[in-house]
1. Helix 108-121 versus the longest principal axis of the chain: what is the Cα-based angle in degrees, 0 to 90, to the nearest 10?
2. Counting only C-alpha contacts under 8 Å and six or more residues apart, can you give the relative contact order of segment 43-94 as a whole percent?
3. Given labels modelled 7 Å from the Cα in the Cβ direction, how far is it in nm from K67 to K120?
4. Between Y36, Y95, Y86, where does the largest GNM mean-square fluctuation fall for the chain, given springs only between Cα atoms within less than 10 Å?
5. Using helices alone, what [θ] at 222 nm do you get for the chain, with -39,500 (n - 2.57) per DSSP H run of 4 or more residues, divided over all residues and rounded to the nearest 500?
6. Calculated FRET efficiency, Q52 and A99, Cβ-Cβ r, R0 25 Å, to nearest 0.05?
7. Taking a threshold of 29 Å on the Cα-Cα distance, which of the pairs K17/K103; K17/K110; K24/K103 fall above it?
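Just so it is clear, none of the values below were taken in a lab; they were calculated from the coordinates. Keep in mind that what you see is a predicted model, and the values were worked out from it rather than measured. Ideal geometry is used to build each Cβ from the backbone, glycine not excepted, and the neighbour counts take in all protein chains shown.
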Amino acid sequence: TVLPPRGFGVLTTIGRKSGRKRRKCIRAIRRGERVYIVSIGGARAAWLKNLQADPGVSLRIRGGRFKGRARELGDAADAEQAMTAYCGTVNPFDYAECALWRKGRPSRAKIEDLHRGWFKEGIPLVVELD
């Protein structure tokens, strides 16, 4: 999309084997100069492997295009802050997303539960913007 919906972004990594730019639409929650993302596919996600090889990324989100460095969360305080932001933020597009993943009518509680599951079962990361 030209302008990702609020709460989503287009992450650009450099392919670890090809050296080419690789783009992936992901859920991205910004808090100041930090953007929280989660690899819901875990360690097998190609985009995660790419940023582990080269943590320099670019991210297109509401507000513009930004360069930054991605990393896995460090300590418990970091993880708690990330979980609060990632799981506690509900945007309008999240209702459509929830309908794809959960049965029944989407609700704030279902959306937060969905995101909490992704956060706990996936690999949470932070992109620190330059």
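1. With both axes taken from Cα atoms, the answer is about 40 degrees.
2. Numbers: 25 pairs, mean separation 10.7, N = 52.
For segment 43-94, the relative contact order is 21 percent.
3. Between K67 and K120, the simple spin-label model gives 3.9 nm.
4. So, out of Y36, Y95, Y86, the one fluctuating most is Y95.
5. Numbers: 4 runs with 45 residues, N = 130.
Theoretical 222 nm ellipticity from helices: -10500 deg cm²/dmol.
6. On the way: r = 32 Å, r/R0 = 1.28.
Efficiency at R0 = 25 Å is approximately 0.20.
7. Details: K17/K103 39 Å; K17/K110 38 Å; K24/K103 26 Å.
Long pairs (Cα-Cα over 29 Å): K17/K103; K17/K110.
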